[in-house]
Amino acid sequence: MTLPLPTVSAVSDLRAVVSGWRAQGLTVGFVPTMGALHAGHIALVTQALARCDRVVASLFVNPAQFAPGEDFDAYPRTLEADAAKLAQAGCHLLFAPRARDMYPEGFATTISLTGPAEGLESAARPHFFAGVATVVTKLLNQVRPDVAVFGEKDYQQLLVIRRLAADLDLETLIEAGETVREADGLALSSRNAYLSTDDRQRAGRLNVILADFAAQLEAGADVAQAEAAALNAARAAFDSVDYVTARCSETLAALAPGRLDRPARVLAAVRVGTTRLIDNRPASRCED
Ligand code: PAF
C-alpha cells in the first residue's frame, strides 16, 4: 500500500530518518496516537509543527493498554485516511510499528506507577496506565523528540506522562494540547464513532455538566456540595457514572473541604449506551 506520507515501521528506519534531521541541526516534535485521527489529533500535530522543524506522528493501537473484553479488536483502524490527514497537516513522518516489533517474543518489562496514576481511570481500568506508560516510554526512546504533545482530553494520562518523564529523566519536553470540541461541546474522541444517534445527543450533556461544575467552584461553592450536584446530574443523564470529581490540577490529589483553595480540574467518566466517555475542565478562582 502506498501512503501519502513517508511511513516507517522499523525502529532502525525511524532512527535513520531522525538522525538525518539531527545532523542538519533540526528539532523534532512527536505526537503519539492510536489512529482513527480527528481534528483533536491534527491540532496536536499543528502545535508540534509550531514548536519544531520536523514532526513525527506514531500510529500504534497498543494492546497493552486494553484489558480482555475491552474494545481492542473493535478499535477503528483507518491507516490510509490517517496518513492522508497527517500529510495534509504538514506532518513529516508516520511511524507505524507492528505489534511483534513493539512486544517481541520474551518481552517482560512493564512500568509501574503510583501518584497521579492512582484512582479515577485506574479504578475502572487497572491495567491502563501501566500499558500506556510502557508504550510511551518505548516510543519516546525510539523517536527521541525534543517535544512531545499529549491532549488534555486525557488529563490523567497527561499528568502520568509528565511524572514519568520527570522521574525517568527523559529529555523530551511534554506539552499539553487543548481539547478540541464539537459545536455542542462534546470532546472529540476516536471512540465517539461508537455512539448511536441517540447516544450522541446525550453525550453532549457531559461537557455541560462539567462546565457547570467548574463554574460553581469558581463562584465559591463548597467543593463537596458542587461535586454531589454534578454527580446527580451525571447519574440522571447517563447510563452509568464511574466518577465525577474535582481534584488538584497539578497532582490529582483530593481537594481540601470548603471553597476551592487552589487551581483544580473537574473530571468525569460516564457510560452512554456501550460507549465510555471521559472529559475534564479547568476550575480556578481569581485569587488562586
Ligand atoms: O492517548 C492515546 O492515544 C494513547 O494512550 C497513547 C498515548 C498514544 C499511547 O498508546
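Assorted remarks:
- Scanning region 139-158 for residues that are more than 13 Å from the ligand (Cβ to nearest atom) and either part of a strand (DSSP E or B) or touching a Gly at 6+ places or on another chain (Cβ under 9 Å) (or both) returns Pro145, Asp146, Val147.
- For region 186-230, taking the residues that are within 16 Å of the ligand (Cβ to nearest atom) and assigned to a helix (DSSP H, G or I), the one that is surrounded by the fewest Cβ atoms within 10 Å (Cβ to Cβ) is identified as Ala193.
- Helices (runs of 4 or more DSSP H) enclosed by region 16-119 - at least 2 residues per element that are open to solvent by 20 Å² or more (accessible area, probe 1.4 Å), without any contact (Cβ under 8 Å) to a residue 60 or more places away in the chain and not charged (D, E, K, R): 39-51, 79-89
- For Phe66, the conditions (1) more than 22 Å from Val132 (Cα to Cα); (2) within 15 Å of the ligand (Cβ to nearest atom) are fulfilled apart from (1).
- Here Ile174 fulfils each of the conditions (1) of a type outside the set (Ser, Thr, Tyr); (2) assigned to a strand (DSSP E or B); (3) surrounded by fewer than 16 Cβ atoms within 10 Å (Cβ to Cβ) apart from (3).
- Residues in region 253-263 that are out of contact with any Leu (no Cβ under 6 Å at 6 or more places or on another chain) and open to solvent by less than 50 Å² (accessible area, probe 1.4 Å): Ala253, Leu255, Ala256, Gly258.
The values are calculated or read from the model by the stated rules, or taken from the named source; none is laboratory data. What you see is a predicted model; the values in this text were computed from it and never measured. Methodologically, a virtual Cβ is constructed for each residue, glycine included, from the backbone with ideal geometry; neighbour enumeration extends over all protein chains shown. Each accessible area value is taken on the protein alone, full model and side chains, heavy atoms only, with ligands, DNA and RNA left out. Shrake-Rupley method; radii C 1.70, N 1.55, O 1.52, S 1.80 Å.
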